[in-house]
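Let me begin by presenting the structure, written as structure tokens, before commenting on it.
FYI, it's all coordinate maths here, none of it is from the lab. Just so it is clear, the structure is predicted and the values come from calculations on it, not from any experiment. Methodologically, a virtual Cβ is constructed for each residue, glycine included, from the backbone with ideal geometry; neighbour enumeration extends over all protein chains shown.
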Amino acid sequence: MATRVVSYYENYTPAADVLVMGMCFVFLILIWRAYINRTKSFFFLRAMIYLLFAAAASDILYHVSMNRIGEIPNIIIYIFRFIFHMCLFTNLWLYVLYLRASVHVERKSDRRFIRAGVIGYFVILFLEIFTLITRTGFYIREDNSVHTGFPVFLIGYVHFLSLLIVMIFKYRNRVYKQVLRGVIETIGVSVLIIIVQQIHGQSSFTVATFMFPIYALLYLIHSNPYDIETGSVSESAFEDLVYISSARKRDLYFMSLYMHDFEGKGRKYPKEIQNQVRRFMVKFFRSPMLFQISGGHMILVVDKAKDPDYEESGRSMLAEFNKVYPILKVDYKIVFFDSYEKLSEENDYVGFVRFMHSRIEENSFVKVTNREVDDYMNYKYIVNELSDIAEKEDLRDPRVKLYCQPVYNIKSGRFDTAEALMRIDLPYIGIVFPDVFIPIAEKNGYIYPLTKIILAKTCDKVKELTENGYDFKRISVNFSVYDLREESFTEMVQKIIGDSGIDYGKIAIELTESQNESDFEVMKEKIEELKGSGIKFYLDDFGTGYSNFERIMELPFDIVKFDRSLVIASGNNEKFRTIVSNLARMFNEVQYAVLYEGIEDDSDEMRCIDMSAKYLQGYKYSKPIPAEKLTEFFEKAEKS
């Protein structure tokens, strides 16, 4: 093979490797001082930086040793060369692992790439040693001439480069195109430099070419720059901090400031507030980190170990804030809280803080306790269960329980109607009441599936009672304005009742009057579509909020339900009683039967009977009960 190739070593300059070592130091400094997105793949990237530093150092030592052939043992040269090559090959193997972690490939589907990488790595390792021992590759002869031989490095480089190209092509649809192009173009530049270097017998820039893709990945994927005005970083950086701190068992202390006036796209705190935030950070804490979660929401985080006086500092900051607040005159909500294992495990502090914002009043602050954390975990659990219920669309889902409250008919002197009510029964927390889960369902778009389930279960119960000979008029079901907005609402109601095989007249629909003009028109349209089927309609919660008599008269309701607030008001003074009584009499005269809700004692009962009541409902007769217990109130029809 070849004898000593002097030009190969003479064409090497350590300047490029020294620059690479300097760049590695700079990268590590920036990673330490800046805020880098520390995803799972980031740890592979950081290891690659360490390896490149080692590769550059070993490359310098290797070439220095080559210039002293005959003066030092050859084994030293072989060791430096071996370390140099294996650092680069390990670096290439980490590229494969990095790509695998970045595109979130499932373990089963990428075994071919992992297998190819592992096999390639160990084959190259074997060849490096085998070609040296058998003198078919690089070795130094007894006369100190150099034999280059079998190109192990080139083969390994082509192997891993080919593997990366195939992986990039296969998973190209999982990566944002601009990022993908940036990475491919950077690798292309590196390969081009390697080729040009080989043509000219150079070896100075080998390690440098491995640095270019790392720079691209840091810039394109992991960069998370500070806001130059506030010193804050983004929500993704906040999640990274929580993830790392949790993994390292570091306790954090959080201070959240929310000002709703600055919410919205492109909005942020004005200069005077930014100045105060910067001043608070420097004045009260040693190592704070500030995160901009949204335009009007910031979270200040301190490491308890680095700021042992964090609680006292927090109180001092709050006192200072109270002094400047009269100048700022902006509504705020402030939440103080420690790191909690439950929240750290799910990295969900942002969701938790937003949950707290929804519970506290404007211009107030709160120190979180275990109770609020437990409430939030229950809230999340309920959301997940409601999501699962909605997704499965099982009309007999056992988690949705049918409860009923009997209604007393004054004329017949018995219970012959009832109101269907919903409860959610969940494995870990038991029965959840409507005042808890209804707002959650409405907010997250799960109310319509729940309504379908409760209507289906009501129809099942009506059918069962009818088949067992019970004599009753109907059971009413509550519907939300969110239900009415669904295009399939009318079809859904008709299908569920029709499929059950019961008389449409056995079901009533309870609706609450809407203040919104478009919702009123939708309500009117839906009632008109269903009225001919025999379904009865109730106006629920009359007397609460806004009531428009003109609108009510346009809607063909059968029963108007007077809210408990009117029952209470009629008992407070004679003026209110006269007003409520006249309203009830007026509805009766236009063929709207009146049902009073919230009857709790004999006094309520007698007063409402005197005020033209047709039906009465409340705890005096029964609290809401499982539907199975309706047989205790409904009577069986007399056999003719």
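An ellipsoid equivalent to segment 232-368, defined through the eigenvalues of its Cα gyration tensor, has semi-axes of 22, 17, 14 Å when rounded to whole angstrom and sorted largest first.
Computed over every Cα-Cα pair of the chain and binned at 20 Å starting from 0, the pair-distance distribution P(r) comes out as 15, 30, 27, 18, 9, 2, 0 percent. Legend: residue pairs K536/K636; K306/K333; K457/K561; K249/K323, Cα-Cα distance threshold 32 Å; pairs beyond threshold, K249/K323.
To the nearest Å, what is the center-to-center distance of segment 359-422 and segment 474-518, using C-alpha atoms only? Each part's Cα centre sits 19 Å from the other's. Just report the Cα centroid separation between segment 225-246 and segment 427-452, whole Å. Taking the Cα centre of each part, segment 225-246 and segment 427-452 sit 34 Å apart.
Of R248, R474, R111, the sequence from fewest to most neighbouring Cβ atoms within 10 angstrom is R248, R111, R474. Based on C-alpha pairs under 8 angstrom that are at least 6 apart in sequence, the chain has a relative contact order of 9 percent.
Cut-off is 10 Å between beta-carbons; in what order do K283, K342, K461 appear when sorted fewest neighbours first?
On the way: K283 11, K342 14, K461 20.
Listing K283, K342, K461 from fewest to most nearby Cβ atoms yields K283, K342, K461.
Arrange the peptides 26-32, 552-558, 609-615 so that the one whose residues have, on average, the most other Cβ atoms within 10 Å appears first.
Working: 26-32: 13.6, 552-558: 15.7, 609-615: 18.7.
Put in order of decreasing packing, that is 609-615, 552-558, 26-32.
Using the empirical formula 2.2 N^0.38 Å as the baseline, the Cα radius of gyration of segment 538-640 reaches a ratio of 1.18.
Basic side chains Lys and Arg get +1 at the Cβ, acidic Asp and Glu get -1 at the Cβ, and with that the dipole of the chain about its Cα centre reaches some 2620 debye. DSSP beta bridges fully contained in the chain are about 55 percent antiparallel. Most tightly packed first, judged by the mean number of other beta-carbon atoms within 10 Å of their residues, the peptides 563-572, 163-172 read 563-572, 163-172. Taking the fewest neighbouring Cβ atoms within 10 Å as the starting point, the ordered list for K380, K329 is K329, K380. Mind running the shape call on segment 401-633? Use the C-alpha gyration tensor, a ≥ b ≥ c as the square roots of the eigenvalues: rounded below 1.5 for a/c, prolate if a/b tops b/c, oblate otherwise. Because its axes are fairly even, with a/c under 1.5, segment 401-633 counts as rounded. Rounded, prolate or oblate, given the Cα gyration tensor of segment 205-271, with a/c below 1.5 counting as rounded? It is oblate, given that a/c is not under 1.5 and a/b is not larger than b/c.
Taking square-rooted eigenvalues a ≥ b ≥ c of the alpha carbon gyration tensor, is segment 377-530 rounded, prolate or oblate, where a/c under 1.5 means rounded and, failing that, a/b exceeding b/c means prolate? Judged from the Cα gyration tensor, segment 377-530 comes out oblate (a/c at least 1.5, b/c at or above a/b). Annotation: peptides 143-152, 69-78, ranked by per-residue average of other Cβ atoms within 10 Å with the highest first, follow the order 143-152, 69-78.
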